[in-house]
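J.: Structure provided below as structure tokens; questions to follow.
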Ligand SMILES: NC(=O)c1ccc[n+]([C@@H]2O[C@H](COP(=O)([O-])OP(=O)(O)OC[C@H]3O[C@@H](n4cnc5c(N)ncnc54)[C@H](O)[C@@H]3O)[C@@H](O)[C@H]2O)c1
Ligand SMILES: [Zn+2]
Ligand SMILES: [Zn+2]
């Protein structure tokens, strides 16, 4: 079938919206008619060409939600009409990592996904017979895509898809870090560095876990105001003084949990140093640029702090994304307040410009029903 899609033709250039060919789903694959897709930093990072693991041409996008149109042979868990959220982090339940129960980092289809292909090593996307690579196993800046069954989470049909799509990456990453990876304990003091989509997700997650005090730190007053609406009890402007300020506010000990959601390694260091001696957990969620390292004075570890990290917030996608969407439907998470701009697929480059200017939390591409 023919679908409109936003293609990254060359690094550093605007995406080109055009018609491409999409093949039928093969064994274990599902064809999804996309209805909404958030724009995430990883899309922009890959498009810029700065990411050494990026490739072009490809169809970008990984924060998608849509409706199953057809399924390939052997697909038992999804049927046409099901509402799904796309997962760049799949859950096969069979690989050594999934079976351990200790991590959400499924290794079943990793190599092919990183190379831009579906698990059988081929692409369903093409142009004039030439294969076009998939991005993060998703390629959701398109009217439709084909994805592995293990990379789709079936969610409630009650959830509007333009809200559900935020659970495909940024929002779940922050929520999961606070609720599953750390996890935050009741009555504790939490510091969240960065109040973008990911940091705000961590603020919400900390609130849902019953944190006693949630300090949000950002450079933008506007974002701090949003953090307050979502449960931050204190909001501070960031800077080199923050560690000292946390110590002053915690009788010299530090915070029980800290989360880093800026991607800046200097802020990561602050997150480690602001964590409480004895038991503080510092959770790294932001993605640093390739080659950058996190400096930690070992004394911080000897005296009991723990440093953690999480991809996709530690969320086991197929199992836990539907549960998080239920919390949204129950009124626990105000997802609508994160959607700042609604764009058409044709306006995709405008979405990147908005993100570049830090205008709004999330721009969402809305796609017509058929
Ligand atoms: N681990 C994962 O699986 C995963 C998934 C999605 C995103 N991420 C990463 O999470 C990070 C945050 O993503 P986002 O979409 O929320 O980004 P964002 O750019 O919207 O938010 C980052 C925020 O950090 C703030 N900031 C900058 N410098 C600061 C400082 N010194 N102190 C405090 N705040 C500061 C900015 O003002 C901004 O509001 C990025 O690095 C992104 O790549 C990770
Ligand atoms: Zn993302
Ligand atoms: Zn697995």
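Values in this text are rule-based calculations from the coordinates and carry no lab data. Because the structure is predicted, anything quoted here is derived from the model rather than measured. Glycine also receives a Cβ, built like all others from the backbone with ideal geometry; neighbour counts cover every protein chain displayed.
J.: Once each part is reduced to its C-alpha centroid, what is the distance from the stretch 164-218 to the stretch 73-105 in angstrom?
T.: 24
J.: Give me 233, 140 sorted ascending by neighbouring Cβ count inside 10 Å, so fewest comes first.
T.: On the way: 233 17, 140 32.
Placing the least packed residue first, the sequence is 233, 140.
J.: Okay, next question. How high is the relative contact order of the chain, in percent, with contacts defined as C-alpha pairs under 8 Å that are six or more residues apart?
T.: Details: 931 pairs, mean separation 66.1, N = 370.
Relative CO of the chain lands at 18 percent.
J.: May I ask for the angle, rounded to the nearest 10°, between helix 317-329 and the longest principal axis of the chain, with both axes built from Cα atoms and the value confined to 0 to 90°?
T.: 70
J.: Here is a further query. Measure nothing fancy, just the Cα-based angle from helix 197-208's long axis to the longest principal axis of the chain, in degrees from 0 to 90, nearest 10.
T.: Between helix and principal axis, roughly 60 degrees.
J.: What whole-number distance in Å separates the alpha-carbon centres of the stretch 106-143 and the stretch 318-360?
T.: Taking the Cα centre of each part, the stretch 106-143 and the stretch 318-360 sit 24 Å apart.
J.: Neighbouring Cβ atoms within 10 Å as the yardstick, rank 106, 169 fewest first.
T.: Working: 106 24, 169 29.
Exposure proxy ranking, most exposed first: 106, 169.
J.: Would you please classify the overall shape of the stretch 326-370 from the alpha carbon gyration tensor, given that a ≥ b ≥ c denote the square roots of the eigenvalues, rounded means a/c under 1.5, and beyond that prolate means a/b larger than b/c while oblate covers the rest? Mind showing how you got there, number by number?
T.: Details: a/c = 4.43, a/b = 1.45, b/c = 3.06.
Cα axes put the stretch 326-370 in the oblate bin.
J.: Pick out which of 87, 15, 247 has the largest mean-square fluctuation in a Gaussian network model of the chain, springs linking Cα atoms closer than 10 Å.
T.: 247
J.: For the chain, what is the calculated [θ] at 222 nm in deg cm²/dmol (nearest 500), taking -39500 (n - 2.57) for each run of four or more DSSP H residues and dividing by its residue count?
T.: Only helices count here, giving -6500 deg cm²/dmol.
J.: Also: For the stretch 98-238, calculate the relative contact order in percent as a whole number, restricting contacts to Cα pairs under 8 Å that are 6 or more residues apart. Could the numbers behind the result be given before it?
T.: On the way: 206 pairs, mean separation 19.7, N = 141.
Taking the mean separation of contacting Cα pairs over the length of the stretch 98-238, I get 14 percent.
J.: With a ≥ b ≥ c taken as the square roots of the eigenvalues of the C-alpha gyration tensor of the chain, please select rounded if a/c is under 1.5 and otherwise prolate if a/b is larger than b/c or oblate if it is not?
T.: Values: a/c = 1.81, a/b = 1.72, b/c = 1.05.
Cα axes put the chain in the prolate bin.
J.: Of 259, 352, 312, which is the most mobile in a GNM of the chain whose springs link Cα atoms less than 10 angstrom apart?
T.: Per the Cα network of the chain with a 10 Å cutoff, 352 tops the list.
J.: In a GNM of the chain with a 10 Å cut-off on Cα contacts, which of 339, 302, 215 has the highest mean-square fluctuation?
T.: Sorting by GNM fluctuation, first place goes to 302.
J.: Something else: Distance from the Cα centre of the stretch 1-68 to that of the stretch 263-279, in angstrom?
T.: 35
J.: A follow-up question, please. In terms of the Cα gyration tensor, with a ≥ b ≥ c the square roots of its eigenvalues, is the stretch 171-312 rounded because a/c is under 1.5, prolate because a/b exceeds b/c, or oblate? Please report the intermediate quantities before stating the final value.
T.: Details: a/c = 1.28, a/b = 1.15, b/c = 1.12.
Cα axes put the stretch 171-312 in the rounded bin.
J.: Cut-off is 10 Å between beta-carbons; in what order do 154, 102 appear when sorted fewest neighbours first? Please list the in-between numbers first.
T.: Values: 154 17, 102 9.
In order of increasing Cβ crowding within 10 Å: 102, 154.
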